[in-house]
Every structure is written in C-alpha cells, then in structure tokens.
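Trainee: Structure incoming, see below.
The values are calculated or read from the model by the stated rules, or taken from the named source; none is laboratory data. Note that the structure is a prediction, hence the values are computed from the model and not measured. We place every Cβ from the backbone using ideal geometry, glycine too, and count neighbours over all the protein chains shown. Only protein heavy atoms, including side chains, enter the accessible area calculation; ligands, DNA and RNA are left aside. Shrake-Rupley method; radii C 1.70, N 1.55, O 1.52, S 1.80 Å.
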Amino acid sequence: LVCAVVLTSAGGILIHTRSLTRVLVRVGGTGGSWHGAAGVRDLRSGARALEHAQFRAGSTTKVVTAATVLRLAADGRVDLDAPVQRYLPALFRGTGFRQPISVRQLLNHTSGIPAGDGWGDAFADQYAHRFDVITPAQVAASALAKGPAFAPGTRQQYLNINYTLLGLLVEKVTGDSFGETAARLVLRPAGMRHTYFPGTDPRIHGPHHRGYQLVDGEFVDVTRWVQADRSAAGDMISTTADLERLLTALFRGRLVPTPQLDEMFTVPADIDGATMSAGLQRIEIGGHVYWGKSGARYGYSTGIAATRDLSRTAVYSVNSTDAKGEEMNPVAQRISMAAVRNAA
C-alpha cells in the first residue's frame, strides 16, 4: 500500500510494505535534519499523504502526562514519595491495597496495580463499542477491585492503569480536567499548537489520514473512535512536528526543572530488567543510549526517541493496519533503526 523512502544522515532506505498506508518521519540532531511523508491519505481517493497531518499518538501521551506530574511536583503540589492513596482516598477505599503506592511508582510502572477493564481484548468487541464511553474513573475502579498483582516496588510491569490514575491525580490536585492542565503546563510551553486531548469526541478535527485495521483481508476504517478511557495514558492527538518540539523542550529543561527532570532519565536500579522511567523508556542501540516512547491505537502507530543531549532525535508516525499487534510494525522498526544509525 505504500513505498516509503526514509532518509537519514547515513543514507536512504527504500521500504516496500503492505502493512501500512502512510508514513511520516522527522529526524534531527547535530548531524542535520530531515522530514518527509509518503503514502496516501485514504484508500478511496489515493491522495498523497500530508506531512503535517494529525494522528492518534497512543502511549506517547505518557511523556506529556509524566511531564505534567513532574511539573506539579516541582511546584510543590505533588509529592512523588507520597502514597497515591493520599490523593485519591475514595477510589482506594474498600479495595485490597493496604501497602502505600507512591506517585513515583505509578510513574515508573512499579505500582503493582493490575490492568483495568474495557470492552474486551478482541478487535471485534472493541470496534462494536468504539463510540461508547468508559470513564477513567471506571477503568481505575475496575483495576483496584482486583487487588494487587504484586507488592509495590518489587517488579516493573508496563500498564496504562498507572497513567490513568496519574490523570485522575492531576485532576484532583488542580481542580481542572487533565487535558486543560497538560495544555497549560506542557503543550503550550512546548509550542505544541496542534496537539490536544479529544475526550469523548471520536473525531480528529485537523488535517489527518484515515486509519485502517486489516480484518480477514478487508480494511476496516477505524479513524473515528472514542478514546476517553485511555485519557492520560493514551488519548492525545498530535503531529510529528509537535512531538519533536516536545522532545526538544523537555530534554532541554524548559518544561520540567532539575531535579524533577532527572526522574525521566532514571530507571529503577533495584528491579531486574527494568527499562521504564517516568514517562520514557531507556533503549540501548550500538553502544548509545536513547530515551523514547512508542504508542499505538487502531490505525495509528507512533514513536519518539532522542539521546539525552539531543544529538539525535527521531519521530515517526505510521498508519499501521495492525497497530495493536503483538509485534512492532516492520516499517516502524526499520525507521527507528535507520534514524539512530551513526548517532553522535
């Protein structure tokens, strides 16, 4: 469905695939920069892809959420060592969570809280309810009702529920919606003018590409979908240029001051196999360390990564036809590897 040429300072890579309909890429750093687009806006018209199109950013939302919480911590409104039970007592009342769970443990996925309930795991079940609303509070309540999966701080398990709770915590502390607070503390200061949280609105309002899921050989349009249950864990709509601005502003300390920013570059040292920090993941490739985050919603896959000194940055978004598959989209994987090749 698309033939995409991805350029980096190391040269060009020609990618042929039937696993996506469009690809957007931005690569930057000390070695120069490049950005481009390939593919189609939708299967019906076959019109060329838009380089500045908006898309569902999936779990890259967690970078914004972590930055929002850490900014509140820097302002003295959130204590990272305090138990989340202190901030959300009604939600935890009557549950099996007796041990305190710190805000920091939510940020780095060591809370021990199991996943919340949704419409099911199968695509057909979720698609049938794509316009129905589950609130973040309902998701959180369903997770807490199950009791702890493990003692807080003993394991790292990446789950949306940690950031769903962080979104509720932000709302409790500020008295505003999570989206309003994130926009005030992170999106606007970073210059992310085309990024927003749609809430219960199923549409993408700006210029965008249609998203599709390949089901039994047929392409199902999944562009319109209520993502409210994902909230602070994955409900953001953005652009590749805005996500590049996020990386630059965040890593340069313009959004979160030290020492709170250090939380985003600190992986729990006492947990075997831990790779997640506050909002980011530590990735080592060819002896170089990158900090990034990937995300996926049906029809859309996204990834961001950078070295700590911003000598190399990479952002991609692809309209994957199996965005929620167990394995990373092969084009996205090759883009990621090409972008970080020969990094300074």
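Trainee: Mind checking which residues of region 180-204 are in contact with a strand residue (DSSP E or B) (Cβ under 9 Å, 6 or more places away or on another chain) and touching a residue at least 40 places away in the same chain (Cβ under 8 Å)? So that I can check it myself, show each step before the final result.
Mentor: Step one: list which residues in region 180-204 are in contact with a strand residue (DSSP E or B) (Cβ under 9 Å, 6 or more places away or on another chain), which gives 183, 187, 192, 194-198, 204.
Passing the criteria: Leu187, Met192, His194, Thr195, Tyr196, Phe197, Ile204.
Trainee: Another question, then. What are the pairs with Cβ atoms under 7 angstrom where one residue, in region 137-159, is within 17 Å of Gln99 (Cα to Cα) and open to solvent by 40 Å² or more (accessible area, probe 1.4 Å) and the other, located anywhere, is at pLDDT 95 or above and of a type in the set (Ser, Thr, Tyr)? Sequence gap at least six, or different chains.
Mentor: What qualifies is Ala145/Thr95; Arg155/Thr110; Gln156/Thr110.
Trainee: Quick check on my filter: what residues within region 211-259 are part of a loop (DSSP other than H, G, I, E, B), within 30 Å of Asp117 (Cβ to Cβ) and free of Cβ contacts under 8 Å to residues at least 60 places away in the same chain? Walk me through how you get there before you give the answer.
Mentor: Of all residues in region 211-259, those part of a loop (DSSP other than H, G, I, E, B) come to 211, 216-217, 222-230, 234-236, 239, 252-259.
Those still in the list that are within 30 Å of Asp117 (Cβ to Cβ) too: 211, 216, 222-230, 234-236.
Residue satisfying the conditions is Asp216 alone.
Trainee: Please find, among Ala74, Ala128, Ala66, Ala57, the residue that is in contact (Cβ under 8 Å) with a residue 40 or more places away in the chain and either in contact with a strand residue (DSSP E or B) (Cβ under 6 Å, 6 or more places away or on another chain) or open to solvent by 70 Å² or more (accessible area, probe 1.4 Å) (or both).
Mentor: Going through Ala74, Ala128, Ala66, Ala57 in turn, the sole match is Ala57.
Trainee: Within the bounds of region 240-250, is there any residue that is in contact with a Lys or Arg (Cβ under 6 Å, 6 or more places away or on another chain), open to solvent by 10 Å² or more (accessible area, probe 1.4 Å) and within 30 Å of Leu43 (Cα to Cα)? Before you say what the answer is, go through the steps one by one.
Mentor: Going residue by residue through region 240-250, those that are in contact with a Lys or Arg (Cβ under 6 Å, 6 or more places away or on another chain) are 240, 244.
With the extra rule that they be open to solvent by 10 Å² or more (accessible area, probe 1.4 Å), the set shrinks to 244.
Okay, now just the ones that are also within 30 Å of Leu43 (Cα to Cα), so 244.
Yes, there is a match, as at least one residue in region 240-250 is in contact with a Lys or Arg (Cβ under 6 Å, 6 or more places away or on another chain), open to solvent by 10 Å² or more (accessible area, probe 1.4 Å) and within 30 Å of Leu43 (Cα to Cα).
Results for (1) modelled with pLDDT of 95 or more; (2) open to solvent by 60 Å² or more (accessible area, probe 1.4 Å); (3) out of contact with any Asp or Glu (no Cβ under 7 Å at 6 or more places or on another chain), shown as yes or no for each residue.
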| site | (1), (2), (3) |
| --- | --- |
| Ile204 | yes, no, yes |
| Pro207 | yes, yes, yes |
| Leu214 | no, yes, no |
| Val220 | yes, no, yes |
| Thr223 | yes, no, yes |
| Asp229 | no, no, yes |
